[in-house]
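So the structure is just underneath, and the comments pick up after that.
The values are calculated or read from the model by the stated rules, or taken from the named source; none is laboratory data. Keep in mind that what you see is a predicted model, and the values were worked out from it rather than measured. Because the Cβ atoms are built from the backbone with ideal geometry, glycine has one as well, and the counts that use them run over all protein chains shown.
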Amino acid sequence: RDLHWGNLLIERSQSCTISMSLQGDMFDIPSGGIQVKIIDYTLSRLDKDGLTVFCDLSTDEELFLGEGDLQFEVYRSMRRENQNVWSLYKPHSNVLWLHYLCDKLLTEAKCMKKPSSAVQRRDLRRLQDFRREVRHYGSATEVLKRSRLFK
């Protein structure tokens, strides 16, 4: 619910892949020698043992008034999709943040501005394709299972 790039810690990694299990399926995703950690869960939502814990953003109108960055449009899109009821599980909100992060990589990361090798140009095209397609998925799980970026 708040996966802007200020909430991520990005560091180099010795591992070439990230292995994970999701709904019983195993995935090995190329890491490019990068590890990303989420460092702020303040606006997250959690269901545990029948209890839903969430931050009620309906009371924070200022959050939705921001301008000048795609991040603020993501907040407004989430509010439209959940009709300002923040206790609801709306998995498409994660997709909105994946689109945002991809957009940030393509517009802000120096390595994406002038790719110098065939591999970098290929990766740039793949990210551009991903940015175009990702918002059509219903959840981050669907993105991982169906997007060409993760094949």
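The table below lists the values:
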quantity	calculated
Residue match in region 127-143 (condition: closer than 20 Å to VAL36 by Cα, charged (D, E, K, R) and modelled with pLDDT under 95)	no
Strands (runs of 3 or more DSSP E) fully within region 32-151 counting 2 or more residues that are surrounded by 11 or more Cβ atoms within 10 Å (Cβ to Cβ) and in contact with an Asp or Glu (Cβ under 8 Å, 6 or more places away or on another chain)	34-38
Residue in region 102-118 that is touching a Phe, Trp or Tyr at 6+ places or on another chain (Cβ under 8 Å), within 22 Å of THR17 (Cβ to Cβ) and at pLDDT 95 or above present	yes
Of all residues in region 1-34 being more than 15 Å from the chain's Cα centre (by Cα) and among the aliphatic types (A, V, I, L, M), the one that is farthest from PRO91 (Cα to Cα)	ILE34
Extreme residue, farthest from HIS99 (Cα to Cα), among residues of region 8-31 that are touching a strand residue (DSSP E or B) at 6+ places or on another chain (Cβ under 6 Å) and not in a strand (DSSP E or B)	SER13
Long-range neighbours under 6 Å by Cβ, at least six apart or interchain, first residue at positive phi within region 65-90, second surrounded by 13 or more Cβ atoms within 10 Å (Cβ to Cβ)	ASN84/SER58
Filtered residue count, region 11-31, keeping only those that are surrounded by 11 or more Cβ atoms within 10 Å (Cβ to Cβ) and within 28 Å of VAL53 (Cα to Cα)	2
Residue among ARG121, ARG80 that alone is at pLDDT below 95, basic (Lys, Arg) and over 20 Å from LEU8 (Cβ atoms)	ARG121
Count - residues of region 34-86 that are over 13 Å from ASP2 (Cβ atoms) and of a type in the set (Val, Ile, Thr)	6
